[in-house]
Amino acid sequence: MGLVAAIPFIILSGISLAQVPSGFNIFKAEDPIKIDGELNELTWQNAQKVQDFKKQFPVDSGLAISQTEVMVSYDDRHLFVAAICYDDTTKNPVVLNLRRDFALKTNDNFSVVLDPFGDGANGFNFAVTPLNTQREALITNGEFSFTLWDNRWFSHVHRKKNCWVVEMAIPFTSLRFNSGQDTWHINFSRTDISDNEISTWVFIPRTYQLTGLAFTADMRWDIPVKKTGTNVSLIPYAAMNASKEKYPIEKPGIQTASFGGDAKVAVTSSLNLDLTVNPDYSNVEVDRQVTNLSRFEIFFPEQRQFFNENSDLFAQSGFTRIRPFFSRRIGLVKNPNAPGFVPSRILYGARLSGKLNPDLRVGLLNVQTAGDKALGTKGTNYTVATFQQKMFSRSNIAGMLVNRQILENDSGDFSFRNNRYNRILCLDYNLLSANNRWSGKFFYHHSFENAKPSAAFAHAVYLKYDVPRFFATWNHEWVGSGYNPETGYLQRPKGFFRIEPDIGYRHYFRSKKLNYLLGYLFNDTYWDKKGKVSDQLYQFSSSLHFKSTASVGIVLSRAYTRLYSGAFDPTNLWKSGGARLDSNSSYWYNSAGINFASDARRKLFGNISLNAGQYFNGRIQSADALLSYRTGPFATIGISANYNSIRLPYPFEKTNFLLLGPKAEFSFSRAHFFTLFTQYNQQANNINLNARYQWRFAPMSDAFVVYSENYLPSPWKTKVRSLVLKLVYWLNV
């Protein structure tokens, strides 16, 4: 056998795969279960035990040192999970804070992964720390956690001498499943940070996510589970907002009161209807700013609650940089007076999403916004229809129609006669292999609008092979010059072709301190619509990862840029009369960088990246850093910093950009939280302060006090300030 022919065999022979457990049986509770962490009920004495957890990190072989036993039961309304997590409880648990939706790998916790449909693509994750902090997440695309999804469930933790015991009660109304199914897929994981160990019941190789749905076993119901009772949740809110603009022109203060809310209606056990009327998102956490030295728009993720459940259905088409639908385009518009976005009023929204059968997911979204003369917008309707049909073991084919229609005439009156529309028709194939080694996406999208331009398409192919020691990716993208996703996100000007291959290799050490060494090669090349190379990047990086979670690495890059769409200011300041680089000029530049991340388990931890090299016709030095200190679970104080020093020849300016983001999070209890976040952006010449107090006075019900202020740094002046009081109540009908 030749060397080249032997490579696949060598790679595959290095994979350690443990036998998948045969599963277990779940029986209905024999007596009422009290969620108190005691496990005194007869149900738990007779339940089948799940045990023999395997190591997943820092090595993925052998049984875990800190073992865990799990039992599962149910009644007419809840799925019950009990776990005995053996540990030395005289040591303090590692829990970064008491806020919901913690990270699985940086906090001590016990976690449950559920795949009720058995499709290996969509599921749920519920987890709890030794201090009873909760986390719930939707699992999408086979392994990715979407923690912005919120729902009601219950847990209690009892810490004993040699273990901590957790009980969970997850209402069936919080889950989506097909009524009458007799088998679900399930897995459990345990993170023990102080002993530097992560373990799972069904073995998961260390390169994969703990929420990977390819790594589950059968949970067999004694009686096929069925939907019981009604599932309607009303989430009304009331808010008071006071704001005042101070600079550049002082205006009278504005005080407004608003009322509205959401409703969640389970049409079936697997199909959900979400409704919203006059929604208010004033309590949503502010975006983390970045220094933008590119020629393109920065992408900020969606954080608003209404758009979250089953959001992967509506965000599944395309890539991050080529999205036919981006919900953030709804209700947020560009600020005509300053950088960034401002809210525009959403009148109502309705969304139907879920599964019609075990293999078919569907979604239908309709949102109407109001016009705003001050912002130059008109009342617009947004409609999205989508489906996802399972193919083979875990793959699926998906389709989507996005329609944006202006429903307001020039006089500001509601009208169906306005013929201004933008539509995108999408077809995607999403590949997920049964063993999680192969993943990919293939799509073709086409846009339609009044002007009927030619080449109004977008197409791409992404294919990745990933095993513990080796991974390789091929990606190409082709966006026609007439493609126009007005309700989507297209980072670069339309009309380009791109390739993005990469390859990497991990060498694992048999060492008490070293984990693995990663070598990585990456290429990214763009051609414009005339077939000329516009951007190109060759990059080599290598990083050494320690079993303590610390890492150190280097990056070497060679890049090419040709300006093709007008003159460009490399500082992105765009000062009047400032120098510009000529359109169609081109530049080659080299750069090098180093990065270091400390042990994330420590109370004081951080990371830093340093880079230096050529930048267009000059040079740049940059630094990114994050430093964080936690005092147990009650307070985390940190600061992020980004610094860029740009040195260009005359007549260009020598520019320094500093971006600072100090942040303090206080968890006074599992019900009272306070966050103070300040950002100084030298490039935008702005200081932003955001202070938010949250009182969770009942399950999923909150009172918020949010104060925000924007300042001009020099001379020091307040631009605008606002105060919001908001009350949200979750009511199950």
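The values are calculated or read from the model by the stated rules, or taken from the named source; none is laboratory data. Because the structure is a prediction, the values reported are computed rather than measured. Reconstructed Cβ throughout: ideal geometry from the backbone, glycine too, with neighbour counts over all protein chains shown.
Within segment 159-199, track down each residue that is under 20 Å from Ala29 (Cβ atoms) and modelled with pLDDT of 95 or more.
Listed by number, the residues that qualify are Val165, Val166, Glu167, Met168, Ala169, Ile170, Thr183, Trp184, Ile186, Phe188.
Run down Ser194, Ser189 and say which single residue is assigned to a loop (DSSP other than H, G, I, E, B) and either under 30 Å from Leu725 (Cβ atoms) or in the same structural domain as Asp119 (by TED's automatic domain parsing) (or both).
Details: Ser189 fails: assigned to a loop (DSSP other than H, G, I, E, B).
So the residue among Ser194, Ser189 that is assigned to a loop (DSSP other than H, G, I, E, B) and either under 30 Å from Leu725 (Cβ atoms) or in the same structural domain as Asp119 (by TED's automatic domain parsing) (or both) is Ser194.
Scan segment 368-419 for residues that are β-branched (Val, Ile, Thr), within 28 Å of Asp280 (Cβ to Cβ) and modelled with pLDDT of 95 or more and jot them down.
Step one: of segment 368-419, the residues β-branched (Val, Ile, Thr) are 369, 377, 380, 383-384, 386, 397, 402, 406.
Next, from what is left, pick out any that are within 28 Å of Asp280 (Cβ to Cβ): 369, 377, 380, 383-384, 386, 402, 406.
Those that are β-branched (Val, Ile, Thr), within 28 Å of Asp280 (Cβ to Cβ) and modelled with pLDDT of 95 or more: Thr383, Val384, Thr386, Val402.
Find all pairs meeting these conditions: Cβ atoms under 9 angstrom apart; at least six residues apart or on different chains; first residue within segment 468-479 and in contact (Cβ under 8 Å) with a residue 12 or more places away in the chain; second residue of a type in the set (Asp, Glu) and buried (at least 19 other Cβ atoms within 10 Å of the Cβ).
What qualifies is Pro468/Asp60.
Tell me, yes or no, whether segment 573-584 has at least one residue that is in contact (Cβ under 8 Å) with a residue 60 or more places away in the chain and out of contact with any Asp or Glu (no Cβ under 9 Å at 6 or more places or on another chain).
Within segment 573-584 (the criterion being in contact (Cβ under 8 Å) with a residue 60 or more places away in the chain and out of contact with any Asp or Glu (no Cβ under 9 Å at 6 or more places or on another chain)), the answer is no, since none of the residues qualifies.
Of the conditions (1) more than 24 Å from the chain's Cα centre (by Cα); (2) assigned to a loop (DSSP other than H, G, I, E, B), Pro485 clears all except one; give me its number.
Just one mismatch for Pro485, condition (1).
Residue-wise test of (1) under 30 Å from Pro205 (Cβ atoms); (2) buried (at least 17 other Cβ atoms within 10 Å of the Cβ); (3) in the same structural domain as Arg206 (by TED's automatic domain parsing).
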{"position": "Asp413", "(1), (2), (3)": "no, no, no"}
{"position": "Arg423", "(1), (2), (3)": "no, yes, no"}
{"position": "Asn436", "(1), (2), (3)": "yes, yes, no"}
{"position": "Ala456", "(1), (2), (3)": "no, yes, no"}
{"position": "Phe470", "(1), (2), (3)": "yes, yes, no"}
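Among (1) crowded, with 17+ Cβ neighbours inside 10 Å; (2) within 32 Å of the chain's Cα centre (by Cα); (3) not acidic (Asp, Glu); (4) not in a loop (DSSP other than H, G, I, E, B), there is one condition Tyr589 misses while meeting the rest; what is its number?
All conditions pass for Tyr589, except number (2).
Looking at Ala257, Ala242 in this structure, which one is in contact (Cβ under 8 Å) with a residue 60 or more places away in the chain, more than 30 Å from Leu138 (Cβ to Cβ) and surrounded by fewer than 18 Cβ atoms within 10 Å (Cβ to Cβ)?
Numbers: Ala257 fails: in contact (Cβ under 8 Å) with a residue 60 or more places away in the chain.
Sole residue among the options that is in contact (Cβ under 8 Å) with a residue 60 or more places away in the chain, more than 30 Å from Leu138 (Cβ to Cβ) and surrounded by fewer than 18 Cβ atoms within 10 Å (Cβ to Cβ): Ala242.
Any idea which of Leu573, Leu556 is in contact with a strand residue (DSSP E or B) (Cβ under 8 Å, 6 or more places away or on another chain), among the hydrophobic types (A, V, I, L, M, F, W, C) and not in a strand (DSSP E or B)? Outline the logic, then answer.
On the way: Leu556 fails: not in a strand (DSSP E or B).
Just one listed residue meets the conditions, Leu573.
Taking the options Pro130, Pro93, Pro171, name whichever one is touching a Leu at 6+ places or on another chain (Cβ under 7 Å), farther than 16 Å from Gly212 by Cβ and in contact (Cβ under 8 Å) with a residue 40 or more places away in the chain. Lay out the reasoning, then the answer.
Working: Pro130 fails: touching a Leu at 6+ places or on another chain (Cβ under 7 Å); Pro171 fails: touching a Leu at 6+ places or on another chain (Cβ under 7 Å).
On inspection, the qualifying residue turns out to be Pro93.
Quick check on Ser542: is it small (Gly, Ala, Ser), touching a residue at least 24 places away in the same chain (Cβ under 8 Å), touching a Gly at 6+ places or on another chain (Cβ under 6 Å) and outside any strand (DSSP E or B)? Full working, then the answer.
Values: small (Gly, Ala, Ser): yes; touching a residue at least 24 places away in the same chain (Cβ under 8 Å): yes; touching a Gly at 6+ places or on another chain (Cβ under 6 Å): yes; outside any strand (DSSP E or B): no.
Criteria not met by Ser542.
Scan segment 94-128 for residues that are in contact with a Lys or Arg (Cβ under 8 Å, 6 or more places away or on another chain), under 13 Å from Asp192 (Cβ atoms) and assigned to a loop (DSSP other than H, G, I, E, B) and jot them down.
If the condition is that a residue be in contact with a Lys or Arg (Cβ under 8 Å, 6 or more places away or on another chain), under 13 Å from Asp192 (Cβ atoms) and assigned to a loop (DSSP other than H, G, I, E, B), then Val94, Leu104, Thr106 are the ones that fit.
Which residues, taken from segment 438-454, are crowded, with 18+ Cβ neighbours inside 10 Å and either touching a His at 6+ places or on another chain (Cβ under 8 Å) or outside any strand (DSSP E or B) (or both)?
Answer for segment 438-454, where residues must be crowded, with 18+ Cβ neighbours inside 10 Å and either touching a His at 6+ places or on another chain (Cβ under 8 Å) or outside any strand (DSSP E or B) (or both): Phe443, His445.
Determine whether Leu138 is surrounded by fewer than 22 Cβ atoms within 10 Å (Cβ to Cβ) and among the hydrophobic types (A, V, I, L, M, F, W, C).
no
Restricting the search to segment 651-665, which residues are more than 11 Å from Leu676 (Cα to Cα) and at pLDDT 90 or above? Quick ask: steps written out before the conclusion?
The first filter runs over segment 651-665 and keeps only residues more than 11 Å from Leu676 (Cα to Cα), leaving 651-660.
Of everything in segment 651-665, those that are more than 11 Å from Leu676 (Cα to Cα) and at pLDDT 90 or above turn out to be Thr655, Asn656, Phe657, Leu658, Leu659, Leu660.
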